[in-house]
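Reading through the structure tokens given below for one structure.
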Amino acid sequence: MSAPRTALLALGDDALVLSHRLGEWAGHAPVLEEEVALANIALDLLGQARTLLSMAGDEDELTYLREERDFTNVQLVERPNGDFAHTIARQLYFSTHQELLYERLADGGTDDGELAALAAKAVKEVAYHRDHAEHWTLRLGDGTDVSHERMRAALDGLWRYTGELSQPIEGLDVDWDGLREEWTRRVTAVLERASLSLPQGPRNASWAAGAGRQGVHTEPFGRMLAEMQHLHRSHPGASW
């Protein structure tokens, strides 16, 4: 049985949008080693996105010809990179969630054999993404006073976008409450090791973000999408 198209698009859009955001670090990372690390993570996510979107339709059309409201990624992945601490906080939040989700999909969370196989392969990549984010969270949180404050501010600033991560996706047989609890436990453990604490305040409330799955996005996403789609839309039907 094939996974619903809505599920493929949601997972594919998450990976596609975050891949593009990480690609924006090319030429701007704080050290050369991070240029390579972030580029590799972006390429992993792009590979996941291409497979998922091709399972849902034509990957190029879905990437370059959809309008903003047609994308169903969570708002967390579309947030601007900000400083390096913001990128690492976003990576910690999302990669921890993605690893847990793919573990469940590979272990019977979907009746789609192709999606389960993708999840089983991708979870190994995502484990590296999560490890990379944890490493930098520890370095920044337990480093200087300045790095600690930047990491704390980044975690606080992105916290309101994390509630959407555990919203159920149609067609995926996942214990979303259990996933959210394990996500909270893992993130808390990392932050405690980094001399940081889990941000206070609800992840799901009237003031919290969380309508990306319904096609409602933040203002920076529109600008990012225009940049991503510009060449394809400027030369429709062109071949190379």
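Filtering L76, L101, L105 for residues that are of a type in the set (A, V, I, L, M), within 11 Å of the chain's Cα centre (by Cα) and either at pLDDT 95 or above or under 20 Å from T6 (Cβ atoms) (or both) leaves a single hit, L76.
Within the range 32-54, is there a residue that is among the small types (G, A, S), modelled with pLDDT of 95 or more and more than 27 Å from A154 (Cα to Cα)? Yes: the range 32-54 contains one or more residues that are among the small types (G, A, S), modelled with pLDDT of 95 or more and more than 27 Å from A154 (Cα to Cα).
For the structure I just gave you, tell me whether D156 is more than 24 Å from V17 (Cα to Cα) and either out of contact with any Gly (no Cβ under 6 Å at 6 or more places or on another chain) or among the hydroxyl-bearing types (S, T, Y) (or both). Judged against the criteria, D156 is not a match. Could you go through the range 76-95 and let me know if any residue there is over 13 Å from L11 (Cβ atoms) and among the basic types (K, R). Yes. Taking the criterion of being open to solvent by less than 70 Å² (accessible area, probe 1.4 Å), among the hydrophobic types (A, V, I, L, M, F, W, C) and under 15 Å from the mean Cα position of the chain (by Cα), the residues of the range 40-53 that qualify are I41, A42, L45, L46, A49, L52.
In summary, R180 fulfils each of the numbered conditions (1) surrounded by 15 or more Cβ atoms within 10 Å (Cβ to Cβ); (2) at pLDDT below 95; (3) basic (K, R); (4) not in a loop (DSSP other than H, G, I, E, B) with the single exception of condition (2). Of the listed requirements (1) farther than 28 Å from P4 by Cα; (2) not in a loop (DSSP other than H, G, I, E, B), A122 misses just one: (1).
Reported count of residues in the range 195-230, each being modelled with pLDDT of 90 or more and open to solvent by less than 100 Å² (accessible area, probe 1.4 Å), is 20.
I'd like the full set of residues that are of a type in the set (S, T, Y), part of a helix (DSSP H, G or I) and either under 27 Å from D44 (Cα atoms) or open to solvent by 80 Å² or more (accessible area, probe 1.4 Å) (or both), limited to the range 129-163. Those that are of a type in the set (S, T, Y), part of a helix (DSSP H, G or I) and either under 27 Å from D44 (Cα atoms) or open to solvent by 80 Å² or more (accessible area, probe 1.4 Å) (or both): T137, Y161. Within the range 7-31, track down each residue that is at pLDDT 95 or above and over 13 Å from N81 (Cβ atoms). Once the filter is applied, which keeps residues that are at pLDDT 95 or above and over 13 Å from N81 (Cβ atoms), the range 7-31 yields A7, L8, L9, A10, L11, G12, D13, D14, A15, L16. Close contacts from the range 212-228, counting a first residue that is farther than 10 Å from E78 by Cα and a second that is open to solvent by 20 Å² or more (accessible area, probe 1.4 Å) and part of a loop (DSSP other than H, G, I, E, B), with Cβ to Cβ under 8 Å and a gap of 6+ residues or different chains, come to R213/T72; R213/Q167; Q214/T72; G215/T72. A search for C-beta distances below 8 Å between a residue of the range 131-156 that is among the basic types (K, R) and any residue that is open to solvent by less than 40 Å² (accessible area, probe 1.4 Å) and not in a helix (DSSP H, G or I), counting only pairs 6+ apart in sequence or on different chains, returns R152/L196. Just one of the listed residues (P199, P168) is under 20 Å from Y102 (Cβ atoms) and in a loop (DSSP other than H, G, I, E, B), namely P168. In the range 59-74, which residues are among the hydrophobic types (A, V, I, L, M, F, W, C) and either open to solvent by 50 Å² or more (accessible area, probe 1.4 Å) or touching a Lys or Arg at 6+ places or on another chain (Cβ under 8 Å) (or both)? Within the range 59-74, L65, V74 qualify.
Yes or no, residue by residue, for (1) farther than 20 Å from L115 by Cα; (2) open to solvent by less than 20 Å² (accessible area, probe 1.4 Å); (3) acidic (D, E):
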position	(1), (2), (3)
L16	no, yes, no
L38	yes, yes, no
L76	yes, yes, no
P80	yes, no, no
D83	yes, no, yes
S95	no, yes, no
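The values are calculated or read from the model by the stated rules, or taken from the named source; none is laboratory data. Since we're looking at a predicted model, the values are computed, not measured. Every residue, glycine among them, receives a Cβ derived from its backbone with ideal geometry; neighbour counts consider all protein chains shown. Just the protein is used for accessible areas: all its heavy atoms, side chains included, with ligands, DNA and RNA removed. Shrake-Rupley method; radii C 1.70, N 1.55, O 1.52, S 1.80 Å.
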